[in-house]
2 protein chains.
Amino acid sequence: MILKYDEVVRTGIARQVSDNIRSAIMDGRLKIDERLPTEEELARSFGISRPTVREALKRLAAQNLIHSKRGPTGGNFVKRPDPEGLSKAITGAATLLVGIGAFDIEEIITARLETEAVCCRLSAANRSEADLAAMEAEIAVQLDETISDEDFCASDVRFHRALVDSTGNGPLKLMMYTVIEAFIPITNMIVFRVRERRHVASLHQEIVDAVRARKDAKAADALARLLAYVRESYSAVLDARAKRDVPSQASA
Amino acid sequence: MILKYDEVVRTGIARQVSDNIRSAIMDGRLKIDERLPTEEELARSFGISRPTVREALKRLAAQNLIHSKRGPTGGNFVKRPDPEGLSKAITGAATLLVGIGAFDIEEIITARLETEAVCCRLSAANRSEADLAAMEAEIAVQLDETISDEDFCASDVRFHRALVDSTGNGPLKLMMYTVIEAFIPITNMIVFRVRERRHVASLHQEIVDAVRARKDAKAADALARLLAYVRESYSAVLDARAKRDVPSQASA
DNA sequence: TTTAAATATAGGTTTGACAAATAGGGGAAT
DNA sequence: ATTCCCCTATTTGTCAAACCTATATTTAAA
């Protein structure tokens, strides 16, 4: 028997069961795509009721560790972990963190600058023609003055995603999802009003040109100017707010 | 009424309910620390049974969005999103990805080198005396030859964590947890046999010295040599394996 | 006034049942 | 004999009604 009941004492049976199964998955005792025992069997082998087993399984499903299927060939299966699903989860949580103001915009911009500069460097070394084309395509979108602000911001996010993808480094891409899905949107949300699209697009173009020419330093420099512009725009927003809300305290 | 039943059509009631509540939290319709209606009330207002409501709530609990408390003042409460919890989740998933071999060690080392170099740079600018002391303390542990390999690796992880913390950049710390909790352990797991502790500790010391002296370039250089050593050790492990397993195919 | 027991309220768990999806087999029509 | 359709078995999905357990509040006794 793969799963054992761990001498439970008091509370949180569902939690303990889910932890038990989770560690079985992590340890490799349960392999990918393997089918778990039926819920009834689990209930019997753990000595608990089926709804409790189901609560435990739901926890795992919420963490994208298993998925379920009905019918004779159905059951609960160990899910192949996918970076996509992980990035979705990260995105949601990081967005919440940003939403409650856990980070201030200054440190977000600094983090963006430093980590995206890394991407520029690696991109210059590893980018393919397809990567360059993807970035150029987004710049083309950004130069179209008829699109909405939302579309512009979405294209901005896709541009940076393409930049990250062009590094060809899986672990780095995983880390950068947080930046792309949470930090870029929040910076955009703040500065999109005062930002000039053409200027942003031209800085994007500089990055692509440098990456195409394998000039990592140039790309990093263009990125630095892009984020300096973002920082500047942010200050402009702050000033405007200060002037509007509390005219006597316009400096801070 | 805050929560509404969304004209469900077919399957996945629990899922729909959890999505419904989740978006209420994300939108801010449910604020932090606010108490949800009791499970019974939720069941009534959604027109479903309490076990189903509980499954939905378990999903949210698994995503660290709510927590529950028993008793008269108990209930299900919207949880304040914390970077710790998020990093735990990321770590677990990233560890799984590493475990199934989604990334190869080369790209992990590259990602570590680039991102930790960023930390060196920011650390040199922002480190406090307490940060330096924390790093020194770990080096002291690493110089104690009586400790086990596990303890040495754990101290190694804590050293790098201290380095990341010393940047004082919240968003960056969030991203770096993936490196610290998933990527460093996996690299350690592979190379710990052939690595010389004293050499590793002395490179750690070089990093601290450079950071103390506000020399970001020197710190980054020491880090680069540390990871070059890791890469070298990894090659040694590979060679040893090749020689042992398939003597005729020792190159790759 | 302090302390301890009773109570009310909420989540935690169980039992037992039925509904819904689905793969596979068996029977009827061609 | 082959093909198509329905039927059934299996497994997850949902429901209902209870009882258990933890805990804050209230009440009563010392």
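The values are calculated or read from the model by the stated rules, or taken from the named source; none is laboratory data. The model shown is predicted, which means the values in this text are computed figures rather than measured ones. Every residue, glycine among them, receives a Cβ derived from its backbone with ideal geometry; neighbour counts consider all protein chains shown. Accessible surface areas use protein heavy atoms only, side chains included; no ligands, DNA or RNA. Shrake-Rupley method; radii C 1.70, N 1.55, O 1.52, S 1.80 Å.
Considering A:THR52, A:THR95, the condition of being open to solvent by 30 Å² or more (accessible area, probe 1.4 Å), within 11 Å of DNA strand C (Cβ to nearest atom) and in a helix (DSSP H, G or I) is satisfied by A:THR52 alone.
For the range A:40-49, residues that are open to solvent by 30 Å² or more (accessible area, probe 1.4 Å), assigned to a helix (DSSP H, G or I) and either farther than 13 Å from A:VAL17 by Cβ or within 12 Å of DNA strand D (Cβ to nearest atom) (or both) total 3.
Scanning the range A:55-65 for residues that are under 15 Å from A:GLY85 (Cβ atoms) and either assigned to a loop (DSSP other than H, G, I, E, B) or in contact (Cβ under 8 Å) with a residue 40 or more places away in the chain (or both) yields A:LEU60, A:GLN63, A:ASN64, A:LEU65. In the range A:208-221, the qualifying residues are those that are in contact with a Cys (Cβ under 8 Å, 6 or more places away or on another chain) and modelled with pLDDT under 95, and the one that is surrounded by the fewest Cβ atoms within 10 Å (Cβ to Cβ) is A:ASP216. Within the range B:58-74, the set of residues being more than 8 Å from chain A (Cβ to nearest Cβ) and open to solvent by 20 Å² or more (accessible area, probe 1.4 Å) comprises B:HIS67, B:SER68, B:LYS69, B:ARG70, B:GLY71, B:PRO72, B:THR73.
When the range B:66-91 is filtered for residues that are touching a helix residue (DSSP H, G or I) at 6+ places or on another chain (Cβ under 9 Å) and either small (Gly, Ala, Ser) or under 14 Å from B:ARG35 (Cβ atoms) (or both), the ones remaining, listed by number, are B:ILE66, B:HIS67, B:SER68, B:GLY75, B:ASN76, B:VAL78, B:LYS79, B:GLY85, B:SER87, B:ALA89. For B:SER155, the conditions (1) open to solvent by less than 20 Å² (accessible area, probe 1.4 Å); (2) within 14 Å of another protein chain (Cβ to nearest Cβ); (3) among the polar types (S, T, N, Q) all hold with the exception of (2). It is to be established whether one or more residues within the range A:104-112 are assigned to a helix (DSSP H, G or I), under 30 Å from B:LYS31 (Cβ atoms), open to solvent by 30 Å² or more (accessible area, probe 1.4 Å) and among the polar types (S, T, N, Q). Taking every residue of the range A:104-112 in turn, at least one turns out to be assigned to a helix (DSSP H, G or I), under 30 Å from B:LYS31 (Cβ atoms), open to solvent by 30 Å² or more (accessible area, probe 1.4 Å) and among the polar types (S, T, N, Q).
For the range A:160-198, a residue qualifies if it is among the β-branched types (Val, Ile, Thr), assigned to a helix (DSSP H, G or I) and open to solvent by 10 Å² or more (accessible area, probe 1.4 Å), and the qualifying residues are A:ILE186, A:ILE190. In the condition set (1) over 30 Å from A:THR95 (Cβ atoms); (2) surrounded by fewer than 16 Cβ atoms within 10 Å (Cβ to Cβ), B:ALA201 is compliant with all but (2). Hey, does the range A:230-237 have a residue that's open to solvent by less than 60 Å² (accessible area, probe 1.4 Å) and assigned to a loop (DSSP other than H, G, I, E, B)? No, the range A:230-237 has no match at all. Contact annotation: residue pairs with Cβ atoms under 8 Å, 6 or more positions apart or on different chains, pairing a residue in the range A:235-252 that is assigned by TED's automatic domain parsing to the domain that holds A:ILE105 with a partner that is at pLDDT below 65 and of a type in the set (A, V, I, L, M, F, W, C), are A:LEU238/A:ALA252; A:ASP239/A:ALA250; A:ALA242/A:ALA250; A:ALA242/A:ALA252; A:LYS243/A:ALA250.
Among the conditions (1) more than 16 Å from DNA strand D (Cβ to nearest atom); (2) under 30 Å from B:LYS31 (Cα atoms), the only one that A:LYS58 does not satisfy is (1). Taking the range B:98-151 on its own, how many of its residues are touching a residue at least 24 places away in the same chain (Cβ under 8 Å) and more than 14 Å from every other protein chain (Cβ to nearest Cβ)? The number of residues fulfilling the criteria is 13.
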